[in-house]
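Below is one structure, written out as structure tokens; the observations come after it.
No value in this document is a laboratory result; all are computed from the given coordinates. What you see is a predicted model; the values in this text were computed from it and never measured. Every residue, glycine as well, gets a Cβ built from its backbone with ideal geometry; the counts of neighbours run over all protein chains shown.
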Amino acid sequence: LVLWLAAAVAGAWRVLPRAVHAVRSLRPDMNLLMVTAVIGAAAIGQFFEGASVAFLFAVANQLESWSVDRARSAIAALLDISPSRALLLSRPGDIGADIGAGLPGIPVETAVENVPVGSRILIRAGDRVPLDGTVAAGSSDIDQSPITGESMPVPKRVGEPVYAGTINGGGVLEVLTSRAASDTTLARILHMVEAAQSRRARAVQWVDRFAAVYTPAMLAVAALVAVVPPLFFGGAWSAWVYEALVVLVIACPCALVISTPVSIVAGLASAARNGVLVKGGSFLELPASLTAIAFDKTGTLTLGRPRVARVLPVDGHPQVRDEAAALRIAAALEGPSSHPLARAIVQHARQVTGAGLDDGATASEH
């Protein structure tokens, strides 16, 4: 009995303030019905039923809390990909700040929050881009997969945009910042994810709307069961009050309340394990209404690692006698490059011919 009472109190502890608020605001909800059912179960001596109702309801609320925590963890992971410091070359108005001035200053490591818009920053090879901006000098390939999902590095030249959180390839870039740290593309994505947590799934919203009608209806039915038979049919008050309390205990829809959070949390967890960040339960339900899906990015359905499918030698070329000869020449040309397509060609040539160059010939000779 003590354990059942402890379970009931522990389960209803966080729900009780919501139930009180529902009474004060005259907006009965599932919390009020649950508390009423627990109190009713205790009143008729069904402590096990009351403990079960409170426990299941507490589990449902805890699952919803876990889903929010999981989303917050995903947001924290996104925050980790954005550098907290930048190599500042010059601020707006300093000598060499304009594109093409060719007078870069000595880089000073500065917190990204203290880098004003229009400043010139240095991004070394292999560094993450700390702020949104445009390339002022240099050229490189940028891995934009953390932001756009594009698995292939994107070439960046002077005047082209770069985004905070992306990864610089083999070149050194000077970038003119275009947004503050709080307004970068990555920061806006984080704000969208945070705002989406308030968008509850339609199934959960439906349960809330259902509760607004169901709860007062069940309370009214229980009141009628307790009052009508004794007043109009001579029933015993104790017996019919007992029956009314039974109605309240049975009416608490634990299965309905617990099913929607469980299914949504399971979906969000499964997506997270597969590397997909879903903004909220409402977005998890959207695919049910889709009739067609278009994928436009390499790496969405593919691995993002290209490989040679066919080799077609050029007819009539004196040095391209067959496929092996074509591969040796291609491997010689692409050997010094780090581009994913070049690596794919060299790898295929090594698998087919066992060598990367055509019988010792250099790329310049070819």
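Determine, for each peptide in 230-237, 10-17, the mean count of other beta carbons within 10 angstrom over its residues, then list the peptides with the highest first. Could you put the intermediate results ahead of the total?
Details: 230-237: 11.0, 10-17: 16.0.
Packing order, densest peptide first, comes out as 10-17, 230-237.
Sort the following peptides by mean Cβ neighbour count (other Cβ atoms within 10 Å, averaged over residues), highest first: 115-127, 281-293. Please report the intermediate quantities before stating the final value.
On the way: 115-127: 18.2, 281-293: 11.1.
The peptides rank, most packed first, as 115-127, 281-293.
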When the C-alpha atoms of segment 107-175 are aligned to their principal axes, what extent does each axis show, in angstrom, from largest down? 31, 21, 19
Work out how much length SER238 to ARG27 would gain on full extension: take 0.36 nm times their residue separation and subtract the Cα-Cα distance, in nm to one decimal. 73.0 nm
Find how much the distance from SER337 to ALA294 grows on full extension, using 0.36 nm per residue of separation minus their present alpha carbon separation; answer in nm with one decimal. 12.2 nm
With labels modelled as points extended 7 Å from the Cα through the Cβ direction, what inter-label distance (nm, one decimal) is found for GLN62 paired with GLN347? 4.6
Please give the peptides 155-161, 45-51 ranked by average Cβ packing (other Cβ atoms within 10 Å per residue), highest first, as a rough proxy for protection. 45-51, 155-161
